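Since the structure comes first, as structure tokens, the remarks are kept for the end.
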Amino acid sequence: MTVTEPRDAPPRRARPAGYGLARRRRASFLLHRRAGVVALILLALLSCACLAALCLGETTVAPDQALRAVFGRPSDAEFVVGVLRLPRLTLALLVGAALGVAGALIQAVARNPLASPDVIGVTHGAAAVTVTAMTYGLTSAAALPYLSVTGGLAAAALVYLFAWRGGLHAGRFVLIGIGIAVALRSVTQLFLTKGDHQIAQQATVWMTGSFNGRGYDQAQPLAWALLALLPAVLWAARAQRAVVLDDDTATALGVRLGRTRLGLATVGVLLAALATGAAGPVDFVALLAPQIARRLTRTAQLPLLCSALAGAVLTVTADVLARTLFAPTELAAGVVTAAVGAPYLLWLIVTHRTGGRA
Amino acid sequence: MSPAETGPATARLTARALTLSYDEAARPIVDGLDLAVPDGQVTVIVGPNACGKSTTLRALGRLLKPRGGAVLLDGQELSTLPTRRIAQAIGLLPQSPTAPEAITVADLVSRGRQPHQRWWQQWSEADERAVTEAMDRTDVTALADRAVDELSGGQRQRVWIAMALAQETDLLLLDEPTTYLDIAHQVEVLNLVRHLPGRTVVAVLHDLNQAARYADHLVAMKDGRIVARGRPGEIVTAELVRDVFGLDALVVPDPVTGSPLVVPAAPTAPTLPSAREARTP
């Protein structure tokens, strides 16, 4: 595989500046250089966050002991790291990455940075169905992904149904979504108050998006689902290129816009719903991560890999803070992300011009 | 101005009994329109506001599905062709395209290559050549690394045309490409469009004089129908201007090109109601 560098390029090259070209036989891929650098930086940040997640807590573990435990070597911290912290960290990583990509895809389809799955009702749909099922006694971890995906898809379908008027207008889409989100939240509240005390308490913890007491049971089905969705995400990364243009131009370029947008939105909704099923609604990660990533990469579209990494960094960091900030009292990670995300959402609403683009 | 071939030119793109509307219930905007777009020529559609000229162009570029009749490309109905195949033959520049924030000129122009690329073939020698040529021809090579939203209106329009050119289609449809441009940039864009070798161009313009000057084939529309078609020198007359635009005008030869030049009649004091009523029933 050869990566052409700009220095040996002829003086007037048309390939958009900032892209590297990877070519192998007839296949060729454009790679955004700055996005590559940003991905490496985010990866480094993520490594630090992960290490912190393994080392910090009620008992502090030395980094070398923590790493030994991770790689299955004899260590002082086999129980604390291997049993308590690593499974939880794995789940936070997967949830964060899934939410980051989900946010990027849905914001891209709606061409609106406000249209993230945790604003327009997708995660609320997942939550409503899950809590309803919980109050009827269905609490097994294996059932959670199916419940949340059903809820997420149903909520998305509702938003689409109400927002569709012979076309999809970004502003209306977001407003309807916010309305549906509020309605679904009240459905959730209704079932919380109706249900059994103990289950209600369990559901309430789940509702705030907490990784407490969660681990491989939730992480494993999520990991398989994400793996299954990987080809779709790779397709989405390319399909996004045309969707960022206006509808007429994209159609003129031979993009089947309706299908492409439906495909992108479906992948986004599935990712958001799966993540919500695994850890409850970790609010605002899907809203924040893609915009942070795009501001760093300065790409025309929302960068999916960097969004995933940014989502993972946010979620893992939030969980570390949730555990350690008011120790021994533990917060939910969703509370920490909300503390950062809510002001950002307000700022977006105040500064956002109607009908703008993601 | 290059003399256009007269006589029966071949036409890859035709419309047959085309009926168009945006709303099922409403009166059609375009009703039973037949049109053959002569190959290798510049066809310009003119007409008063709301006469259906942009709507017709959208249908020619499959952005609008016909309610009746059909648009044919090489004898095949557009609605039966894969949109990607169409995109390899027909390029279209909408009236007000929008670019994503912060996209660079070269990045935008390179997206014109979309219909020629595949998931695993994102950049080829042909892509490189087409984008280089398109940027050279539209004189935006020097702007390649600038953000599109920093450019002036004229520069931005050239970038969009470059994107459409990079698509390398035989047919190019332009919807009011000179709107929002000052007169110098209007002329610049039209000169550019006029001198695209081997391409068939269909443009919607609202300025009759520009249309008469740059068209090989002029199509005048009114109320969703074609009123006149042909070479501008043959069809642009005082009668046509009165009929289509409801304007009293003098038609004289353009002192530079000899094409018909429409000069509106002397301005009168706020029109006598009786005179206006007599003219426009």
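Please treat every number below as a calculation from the coordinates, not as lab data. Nothing here was measured: the structure is a model prediction, and the numbers come from that model. Because the Cβ atoms are built from the backbone with ideal geometry, glycine has one as well, and the counts that use them run over all protein chains shown.
Listing A:187, B:140 from fewest to most neighbouring C-beta atoms within 10 Å gives A:187, B:140.
Suppose R0 equals 35 Å; then what is the FRET efficiency for residue B:254 and residue B:17 from their Cβ-Cβ distance, rounded to the nearest 0.05? Efficiency at R0 = 35 Å is approximately 0.50. Among residues other than residue B:229 with Cβ under 13 Å from its Cβ, the summed charge is +1 (Lys and Arg +1, Asp and Glu -1). On the basis of the beta-carbon distance and an R0 of 51 Å, residue A:186 and residue B:266 show a calculated FRET efficiency of 0.15.
Sorting the segments B:21-29, A:145-153, B:238-246 by their residues' average number of neighbouring beta-carbon atoms within 10 angstrom, most packed first, yields A:145-153, B:238-246, B:21-29. Averaged over the residues of peptide A:20-30, the number of Cβ atoms from other protein chains lying within 10 Å of each residue's Cβ is 4. For residue B:261, the amide hydrogen comes within under 5 Å of the amide hydrogens of B:252, B:254, counting only partners 5 or more places away or on other chains and with H modelled in the peptide plane.
For chain A, the gyration tensor built on C-alpha atoms gives an oblate shape. Its axis ratio a/c (a ≥ b ≥ c) is at least 1.5, and a/b is not larger than b/c. Under 5 Å from the amide H of residue B:202 lie the amide H atoms of B:43, B:172, B:173, B:174, each residue being 5 or more positions distant or on a separate chain, with H modelled from the backbone and absent for Pro and chain starts.
Considering only alpha-carbon pairs that sit under 8 angstrom and 6 or more positions apart, the relative contact order computed for the stretch B:150-240 is 21 percent. By definition, a body whose alpha carbon gyration tensor gives a ≥ b ≥ c is oblate when a/c is 1.5 or more and a/b is not larger than b/c, and the stretch B:52-198 fits this oblate description. Of the three principal axes defined by the Cα atoms of the protein assembly as shown, the extents in descending order read 96, 62, 47 Å. Nearest 5 percent is fine: what portion of the DSSP beta bridges confined to the protein assembly as shown is antiparallel? Within the protein assembly as shown, antiparallel bridges account for around 65 percent of the total. The aspartates and glutamates within cross-link reach of residue B:65, meaning a Cα-to-Cα straight distance under 16 Å and a gap of 8 or more places when in the same chain, are A:247, A:248, B:23, B:24, B:31, B:34, B:77. 3J(HN,Hα) along the stretch B:170-178: 5, 10, 10, 10, 10, 9, 6, x, 9 Hz, from the Karplus curve 6.51 cos²θ - 1.76 cosθ + 1.60 with θ = phi - 60°, whole Hz, x for Gly and Pro. Annotation: the antiparallel percentage among DSSP beta bridges lying fully within the stretch B:13-246 is about 55. Per-peptide packing, taken as the mean over residues of other Cβ atoms within 10 Å, places B:32-45, A:218-231, B:211-224, A:109-122 in the sequence A:109-122, B:211-224, B:32-45, A:218-231 from highest down. For peptide B:88-99, the mean count of partner chain Cβ atoms within 10 Å of a residue's Cβ comes to 4.
In order along the stretch A:77-92, the phi-based Karplus estimate (6.51 cos²θ - 1.76 cosθ + 1.60, θ = phi - 60°) of 3J(HN,Hα) comes to 10, 4, 6, 4, 7, x, 9, 8, 9, 5, x, 5, 5, 4, 5, 4 Hz; Gly and Pro are listed as x. Rounded, prolate or oblate: which fits the stretch B:156-218 when a ≥ b ≥ c are the square roots of the eigenvalues of the alpha-carbon gyration tensor, with rounded for a/c under 1.5 and prolate only if a/b beats b/c? In terms of gyration-tensor shape, oblate. For the stretch A:243-251, putting each phi into the Karplus relation 6.51 cos²θ - 1.76 cosθ + 1.60 with θ = phi - 60° gives couplings of 5, 6, 7, 6, 4, 4, 5, 4, 5 Hz, in residue order, rounded to whole numbers and with x for Gly and Pro. Other protein chain C-beta atoms within 10 Å of residue C-beta, averaged over A:237-244: 3.
Only Cα pairs under 8 Å and 6+ residues apart enter the sum, and on that basis the relative contact order of the stretch B:13-246 stands at 29 percent.
The order of the peptides A:38-44, B:252-258 by mean Cβ neighbours within 10 Å, most packed first, is A:38-44, B:252-258. Counting only residues at least eight positions apart within a chain, or on another chain, the lysines with an alpha carbon under 16 Å from that of residue B:222 are B:53.
A simple spin-label model places pseudo-atoms 7 Å from Cα toward Cβ; at residue A:217 and residue B:225 they are separated by 7.7 nm. Other residues within the sphere of radius under 12 Å centred on the Cβ of residue B:61, judged by their own Cβ, net out at +1 (K and R +1, D and E -1). Per-residue ellipticity at 222 nm from helix content only, as computed over chain B with -39500 (n - 2.57) for each DSSP H run of at least four residues, stands at -8500 deg cm²/dmol.
Charge dipole (Cα centre; +1 on Lys/Arg Cβ, -1 on Asp/Glu Cβ; no other charges) of the protein assembly as shown amounts to roughly 860 debye.
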